[in-house]
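One structure is given below, encoded as structure tokens.
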Amino acid sequence: MSSASLNVEIRRIRDLAPGIREFSLSRTDGDDFPIYSGGSHIVLSLPLSDRPHRNPYSLLGDPTDRKTWRVAVRKQEDSRGGSRWLHEQAREGMRIDISAPVNLFSLNRLGRRHILVAGGIGITPILSQARELARLGADFEVHYAYRAPEYGVFVDELEALAPGRIHHYVQSRREQIEFSSLLAGRPLGTHFYICGPGGMVAASMNAGKALGWPESHLHSEQFLAPTGGEPFDVQLTLSGKAFTVPSDLSLLEAIEQQGVDAPYLCRGGACGQCELEVVDASGELIHHDLYLSAEERASGKKIMPCVSRLKGGCLTLNL
Amino acid sequence: MTIAFKPDETFRGTYTYRNSPQAIKRFPFPFHQDQYMYSVNMEPHTKGPEGSVFENAFDIDEHYIAEMRDRAITLERDPGRCVSLPHMMDAEWDTLELIMESLSRDYPELFTLTKDGERWHWVNKPLGIDQTFTFGDAATLPCPPFEYIGRQCQGDFVIMDQRDNNLFADSGMITSQADWSLMFDAGMSFMEWHGPVPLAHELGVFDRALKYLLMLQQSRPVRRLNWTMTINPRLDTSPETYPEWGPDRASVTPDNVGDKVHLRVELQALFRLPRSNGMLFSIRGYLASMNDLATHPRWAKRFHRVLSTLPNELAEYKGLVRYKPTTIEWLSKFDDGEVLPGGTQP
């Protein structure tokens, strides 16, 4: 099952900060967008030269705005083309396909208080969560860490949503979030949500667990970009295809290039939808995803082709 | 398509419910093969053939008016058949929106919805309802939004909240259930409310189904069929009213099987809800008497074989043990042993 798609026009591009651009999208068929819930993302299909390139981005605007959807994109220095295309090639008026929204980072509606934490461009899902909490009249606060004052994108929109409840941590001023104090002494029923760089997410989760927070109250979202790597061979048992995954394609992209319809949703190692069964692997499985458990990895029977690869040899998949 | 409603038929007492030949023809007979076993038999809930029960997201048929009256009777007797926890208000509005938009799109001659911003105007011609209200403001409707729309759409409904990688049945409008209790299951997780189902847990059916459902996308609903049997065309076979219908199981004789014994098929569909990220679970029931089935010889043969080979655990769970032998005997006269190809067609 691949994702349902909508065709949209890039209506407006705004440079928000060095290396951060915002894109406003509207449907080309003139219909309204569906409503979405805070924390949802979409997948953009970008018209790079010779192959489909699909990247997930969080929707950051007002979830009830049915005319315009907004995403913000940070240019990745090691980009394989997606964010670079959006920063260098994308122009207002261009048309692209996007997926329907999916939420892997939803609010817990039983929460009595919500602590939202953003690191850098991780502000995007946090912003739509904050909008939803403000609409519901819920009790929440936002902690937003960024590199330098000019990188604090969307701070005005945040302040308007929750005056006095937005806390800033500016790295260039040597300010940083101390998770062990942020998470200490919180009443039962508090939920914690974080989107940001891997190290920051891990530090917050460790602090929460050390303080005795239940895992069900600690929510995080990270999307991984496929990293590329050494080429390796693949055989598909059901479709009978045999091919080589080049160093600059993910396994999932290489499968799609063969014309094989493989399932996917987030394309960032988070959702689990693209899981494939490994029949045989003559080489080491390099798991990059956030989905498989340690036991599943150890079993060597599963792989998430959106971000994971094989080191050397040949990978045989039941597809 | 015009629907000839049968507003006066009853699902209790006099039991005057009957299917027209057209209704029998579109009955969602669920058995592809001569033997039945559980599976994760979910498929996309996409628009099916014209006239079939799969044509529209929410199927309205000739029993609509009578079923809605039967629902009102059950709710009057037992208001606890409609339950919704406070954190589900967004999901209630999601459900109202989904059903109103679907019905007015799919049955424009029966239902109309006009919107002026948040000011909505809803007309339900079969039930004679004309309502203007403000979307999002429950005070502008005569009852909460989920109950309001649930009283106007065939099928039972559960709304599930998604949290902790699980689904919780936190709202429900249940007046035609096959012997399960909303009051008992409300607030339970997916695994908890499927706890009593035999055999399927060992097959891993529910683990796989839950994993699949957690990733269900907006505008990509899925469906499956489930089935059981009911004596008399009764909608309200709930545990709470068991004394009223349980003894009927002992009333089946070789002479009345054709009229009394019904195959009950549930078209179950699941929809991702947009604002709440919850999930609507619709359970649309269809009843066909054994006489109805026998008008299509393939169905009578097939069902004879399915019942004859049904594992005892499943017969026990579905509550058919008592009248199963009589029904198999009655069906046997239609079964000449012809080898039937796969498929559910009449």
When A:ARG84 is run through (1) without any contact (Cβ under 8 Å) to a residue 40 or more places away in the chain; (2) within 14 Å of chain B (Cβ to nearest Cβ), the failure sits at (2)
Only one residue in A:ARG95, A:ARG66 is without any contact (Cβ under 8 Å) to a residue 40 or more places away in the chain, touching an Asp or Glu at 6+ places or on another chain (Cβ under 6 Å) and of a type outside the set (A, V, I, L, M), so which one is that? A:ARG66
Inspect region A:165-179 for any residue being within 14 Å of chain B (Cβ to nearest Cβ), acidic (Asp, Glu) and without any contact (Cβ under 8 Å) to a residue 60 or more places away in the chain and give the result as yes or no. no
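Please note which helices (runs of 4 or more DSSP H) are completely contained in region B:285-330 and include at least 3 residues that are over 30 Å from B:PHE157 (Cβ atoms).
Where helices (runs of 4 or more DSSP H) fall fully within region B:285-330 and carry at least 3 residues being over 30 Å from B:PHE157 (Cβ atoms), they are B:297-308.
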Collect the residues in region A:266-290 that are among the polar types (S, T, N, Q) and within 11 Å of chain B (Cβ to nearest Cβ), keeping them in residue-number order. A:GLN273
Of all residues in region A:283-301, count the ones that are of a type in the set (Ser, Thr, Tyr) and closer than 16 Å to A:ASN318 by Cβ. 1
Given the conditions (1) at negative phi; (2) surrounded by fewer than 16 Cβ atoms within 10 Å (Cβ to Cβ), and given that B:GLY51 satisfies all but one, which numbered condition is not satisfied? (1)
Among what's in region B:101-129 and is of a type in the set (Lys, Arg) and over 17 Å from B:PHE271 (Cβ atoms), pick the residue that is nearest to the other protein chains (Cβ to nearest Cβ). B:LYS115
Being of a type outside the set (S, T, N, Q), farther than 23 Å from B:ASN165 by Cα and not assigned by TED's automatic domain parsing to the domain that holds A:TYR57 narrows A:GLY137, A:GLY196 down to just A:GLY137
Would you mind telling me which numbered condition in (1) in contact with a helix residue (DSSP H, G or I) (Cβ under 8 Å, 6 or more places away or on another chain); (2) buried (at least 20 other Cβ atoms within 10 Å of the Cβ); (3) closer than 23 Å to B:LEU182 by Cβ B:GLU67 fails? (1)
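Would you check if there is a residue in region B:148-170 being at pLDDT 75 or above, acidic (Asp, Glu) and surrounded by fewer than 22 Cβ atoms within 10 Å (Cβ to Cβ)?
Yes, there is a match, as at least one residue in region B:148-170 is at pLDDT 75 or above, acidic (Asp, Glu) and surrounded by fewer than 22 Cβ atoms within 10 Å (Cβ to Cβ).
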When residues of region B:267-278 are limited to those that are surrounded by fewer than 24 Cβ atoms within 10 Å (Cβ to Cβ) and within 18 Å of B:THR46 (Cβ to Cβ), the one farthest from the other protein chains (Cβ to nearest Cβ): B:LEU267
I'd like the full set of residues that are within 14 Å of chain A (Cβ to nearest Cβ) and modelled with pLDDT of 90 or more, limited to region B:171-208. B:SER171
Going residue by residue through region A:290-308, is there one that turns out to be of a type in the set (Lys, Arg), closer than 30 Å to A:HIS143 by Cβ and without any contact (Cβ under 8 Å) to a residue 60 or more places away in the chain? no
Filter region B:16-30 down to the residues that are among the hydroxyl-bearing types (Ser, Thr, Tyr) and surrounded by fewer than 16 Cβ atoms within 10 Å (Cβ to Cβ) and list them by number. B:THR16, B:SER20
Taking B:LEU213 as meeting all but one of (1) touching a helix residue (DSSP H, G or I) at 6+ places or on another chain (Cβ under 6 Å); (2) of a type in the set (A, V, I, L, M); (3) within 14 Å of another protein chain (Cβ to nearest Cβ), write down the number of the exception. (1)
Could you please tell me which pairs satisfy a Cβ distance under 7 Å, a separation of 6+ or placement on different chains, a first residue in region A:239-260 that is over 16 Å from A:GLY283 (Cβ atoms), and a second residue that is of a type in the set (Gly, Ala, Ser) and at pLDDT 90 or above? A:VAL260/A:SER239
Has region A:35-58 got any residue that is crowded, with 17+ Cβ neighbours inside 10 Å and out of contact with any strand residue (DSSP E or B) (no Cβ under 9 Å at 6 or more places or on another chain)? yes
Of (1) away from every other protein chain (no Cβ under 14 Å); (2) buried (at least 16 other Cβ atoms within 10 Å of the Cβ); (3) at pLDDT 90 or above; (4) over 19 Å from the mean Cα position of the chain (by Cα), B:ASN256 satisfies all except one. Which? (2)
Would you pick out the residues in region A:2-28 that are modelled with pLDDT of 90 or more and within 14 Å of another protein chain (Cβ to nearest Cβ)? A:LEU6, A:ARG27
Expected single match for away from chain B (no Cβ under 14 Å), within 30 Å of B:ASP207 (Cα to Cα) and either of a type in the set (D, E, K, R) or crowded, with 18+ Cβ neighbours inside 10 Å (or both) among A:SER299, A:SER239, A:SER250 is A:SER250
Residue check for A:GLY30: among the small types (Gly, Ala, Ser) and on the phi < 0 side of the Ramachandran plot: no
Considering only region B:86-100, how many residues are within 11 Å of chain A (Cβ to nearest Cβ) and farther than 12 Å from B:ASP161 by Cβ? 3
Looking at A:ALA100, A:ALA138, can you tell me which residue is within 23 Å of A:LEU252 (Cβ to Cβ), within 14 Å of chain B (Cβ to nearest Cβ) and surrounded by fewer than 23 Cβ atoms within 10 Å (Cβ to Cβ)? A:ALA100
Restrict the check to region B:148-160 and report whether at least one residue is charged (D, E, K, R) and closer than 23 Å to A:ILE35 by Cα. no
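The values are calculated or read from the model by the stated rules, or taken from the named source; none is laboratory data. Only a predicted model underlies this, so the values are computations on that prediction, with no experimental measurement involved. In this analysis, Cβ positions are derived from the backbone assuming ideal geometry, glycine residues included, and neighbour counts consider all displayed protein chains.
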